[in-house]
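Visitor: There's a structure below that I have some questions on.
The values are calculated or read from the model by the stated rules, or taken from the named source; none is laboratory data. Just so it is clear, the model here is predicted, and its values are computed rather than measured. Ideal geometry is used to build each Cβ from the backbone, glycine not excepted, and the neighbour counts take in all protein chains shown. Only protein heavy atoms, including side chains, enter the accessible area calculation; ligands, DNA and RNA are left aside. Shrake-Rupley method; radii C 1.70, N 1.55, O 1.52, S 1.80 Å.
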Number of protein chains: 2
Amino acid sequence: MKVNKKALERLFHYRNILYRLQEDGVTRIYSDTLAEELHTTASQVRKDFSLFHIKGNKKAGYHIPDLLDRLEEIFDSGAAQKVIIMGMGRIGSALAQYRWSSNQNLVVVAGFDIDPAKQQRTGFPVYDPQELSRFVSQNSIELGILAVPERVAQAAYDALAKAGIRGVLNFAPVILTERPGCVVTSYCVESELSSLIYIVNKEKKEL
Amino acid sequence: MKVNKKALERLFHYRNILYRLQEDGVTRIYSDTLAEELHTTASQVRKDFSLFHIKGNKKAGYHIPDLLDRLEEIFDSGAAQKVIIMGMGRIGSALAQYRWSSNQNLVVVAGFDIDPAKQQRTGFPVYDPQELSRFVSQNSIELGILAVPERVAQAAYDALAKAGIRGVLNFAPVILTERPGCVVTSYCVESELSSLIYIVNKEKKEL
């Protein structure tokens with residue numbers, strides 16, 4: 001399955017902009033206005049929309065409520081999306097307390113950590129990873145965030161996949177072997193900073 | 001300037017794997033061995049390397065110390081890379097304490113926050129943003145991490161660019177207007193989770 005991740009990312013940001021415009025009482029928008037807000041081109045906007053079968057009207061533009069309905073459908077944001085976090089160190093804890101944008105419908109419901117000192121039932125609940133499978137099936141959780149140290153990342157991901165998690169956002173600086181039925185996308189701060197160093201140096205040489 | 005970011009990301013991970021192999025006493029490696037470690041193909045490895053003018057030897061493979069020298073050059077990791085963090089909320093604080101891999105040579109040297117309660121000079125120093133320009137020029141800082149709330153993200157990025165920062169990693173869920181001379185790459189947890197939801201749902205439908 002091929003997914004255009006860049007287009008999906010833009011779609012997500014179109015959605016945020018459209019919510020803001022709707023709050024301001026705007027009901028219709030042209031692709032060039034939307035493009036301007038996102039520092040892209042009108043043809044890019046139309047291409048992104050057509051990729052997800054969204055049609056506009058040349059003269060009248062897009063009808064914002066219809067557009068938002070379709071975008072909600074794409075991101076399945078009708079119901080709250082429950083997320084768990086594996087690894088309640090600094091990154092995990094920060095994400096557990098992350099204030100999601102109001103239109104997000106994402107709820108981090110629990111954390112898991114092998115450290116008994118981090119386990120607690122009051123406030124934000126943190127459980128022993130041994131309770132993972134039971135918790136995931138009882139609460140129909142599909143999404144997990146992986147924020148454990150590098151050396152245990154694969155084992156922790158395997159446990160999430162085995163427990164029935166369908167999608168994982170991985171923050172450990174390691175390439176995981178993906179299991180069938182459990183998609184993983186990784187973000188590595190170190191790798192991103194290193195790439196940034198390369199780009200900055202390249203730009204300096206080109207000056 | 002066009003940079004193949006996916007190739008750069010793989011290069012970063014090749015580098016980590018090569019360090020590990022070197023520690024184990026390995027001095028030569030073939031593209032297929034490296035490919036296996038990274039769950040990719042040998043032709044992808046060779047393509048990535050040739051993109052950055054790295055040549056191998058069909059019979060003898062790549063010489064690991066030479067390969068690492070070239071990778072260090074690409075990521076400019078001979079000297080320590082100093083990084084500052086703008087916004088010392090939960091995400092900023094977590095990143096300030098992030099334990100980088102030993103081969104990274106990345107050092108987070110200071111944080112900046114408008115909240116006087118967060119400013120401190122002992123332990124990890126956090127300064128008033130008014131001191132940003134002075135600090136950046138005195139310490140020759142080129143990299144910044146942006147971890148401020150959405151509504152002040154553009155202003156904070158503008159301040160970083162004005163202070164002389166050349167590359168910014170942005171965690172605010174907003175598309176920034178880029179200033180000349182200051183590259184920005186953004187990561188949005190919300191957008192990534194939303195994309196993951198789309199991918200998971202699409203896979204379920206395809207089953």
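Visitor: Please tell me if A:Ser137 is modelled with pLDDT of 95 or more, of a type in the set (Ser, Thr, Tyr), outside any loop (DSSP other than H, G, I, E, B) and not assigned by TED's automatic domain parsing to the domain that holds A:Tyr14. Explain how you work it out, then say what you get.
Guide: Working: modelled with pLDDT of 95 or more: yes; of a type in the set (Ser, Thr, Tyr): yes; outside any loop (DSSP other than H, G, I, E, B): yes; not assigned by TED's automatic domain parsing to the domain that holds A:Tyr14: yes.
Against the criterion (modelled with pLDDT of 95 or more, of a type in the set (Ser, Thr, Tyr), outside any loop (DSSP other than H, G, I, E, B) and not assigned by TED's automatic domain parsing to the domain that holds A:Tyr14), A:Ser137 qualifies.
Visitor: May I pose another question? Got a sec? Which of B:Leu143, B:Leu160 is more than 7 Å from every other protein chain (Cβ to nearest Cβ) and within 19 Å of the chain's Cα centre (by Cα)?
Guide: Numbers: B:Leu143 fails: more than 7 Å from every other protein chain (Cβ to nearest Cβ).
Checking each option against the conditions leaves just B:Leu160.
Visitor: May I pose another question? Only one of (1) among the aromatic types (Phe, Trp, Tyr); (2) open to solvent by 20 Å² or more (accessible area, probe 1.4 Å); (3) in a helix (DSSP H, G or I) fails for B:Tyr157. Which number is that?
Guide: Going through the list (1) among the aromatic types (Phe, Trp, Tyr); (2) open to solvent by 20 Å² or more (accessible area, probe 1.4 Å); (3) in a helix (DSSP H, G or I), B:Tyr157 breaks only (2).
Visitor: Out of everything in segment B:55-93 that is over 15 Å from the mean Cα position of the chain (by Cα) and of a type in the set (Val, Ile, Thr), what residue ends up being farthest from the other protein chains (Cβ to nearest Cβ)?
Guide: Result: B:Ile64.
Visitor: Hey, another quick one. Determine whether A:Ala96 is closer than 22 Å to A:Val3 by Cβ and under 16 Å from the mean Cα position of the chain (by Cα). Full working, then the answer.
Guide: Numbers: closer than 22 Å to A:Val3 by Cβ: no; under 16 Å from the mean Cα position of the chain (by Cα): yes.
No: the conditions fail for A:Ala96.
Visitor: For segment A:24-34, how many residues meet the condition of being surrounded by fewer than 18 Cβ atoms within 10 Å (Cβ to Cβ) and within 14 Å of chain B (Cβ to nearest Cβ)?
Guide: Matching residues across segment A:24-34 total 0.
Visitor: Every residue in segment A:68-97 that is part of a loop (DSSP other than H, G, I, E, B) and open to solvent by less than 40 Å² (accessible area, probe 1.4 Å), please. Let's see the steps before the verdict.
Guide: So in segment A:68-97, the residues part of a loop (DSSP other than H, G, I, E, B) come out as A:75-80, A:87-89, A:97.
Result: A:Phe75, A:Ser77, A:Gly87, A:Met88, A:Gly89.
Visitor: Name the residue that is nearest to A:Ala159 (Cα to Cα), counting only residues in segment A:110-124 that are open to solvent by less than 80 Å² (accessible area, probe 1.4 Å) and out of contact with any helix residue (DSSP H, G or I) (no Cβ under 9 Å at 6 or more places or on another chain).
Guide: The qualifying residue nearest to A:Ala159 (Cα to Cα) is A:Asp115.
Visitor: If you don't mind, there's one more thing I want to ask. Taking segment B:163-207 on its own, how many of its residues are in a loop (DSSP other than H, G, I, E, B), modelled with pLDDT of 90 or more and at the interface with chain A (Cβ under 7 Å from one of its Cβ atoms)?
Guide: 3
Visitor: Which ones in segment B:134-150 are closer than 20 Å to B:Ile114 by Cβ and open to solvent by less than 50 Å² (accessible area, probe 1.4 Å)? Show your work before the answer.
Guide: The initial filter retains those residues of segment B:134-150 that are closer than 20 Å to B:Ile114 by Cβ, namely B:134-136, B:141, B:144-150.
Of everything in segment B:134-150, those that are closer than 20 Å to B:Ile114 by Cβ and open to solvent by less than 50 Å² (accessible area, probe 1.4 Å) turn out to be B:Phe135, B:Val136, B:Ile141, B:Gly144, B:Ile145, B:Leu146, B:Ala147, B:Val148.
Visitor: Could we say that A:Arg70 is farther than 18 Å from A:Arg15 by Cβ and among the basic types (Lys, Arg) here?
Guide: Working: farther than 18 Å from A:Arg15 by Cβ: no; among the basic types (Lys, Arg): yes.
Judged against the criteria, A:Arg70 is not a match.
Visitor: Go through the residues of segment B:10-19 one by one and say whether even a single one is among the aromatic types (Phe, Trp, Tyr), in contact (Cβ under 8 Å) with a residue 24 or more places away in the chain, closer than 30 Å to B:Ala163 by Cβ and in a loop (DSSP other than H, G, I, E, B).
Guide: no
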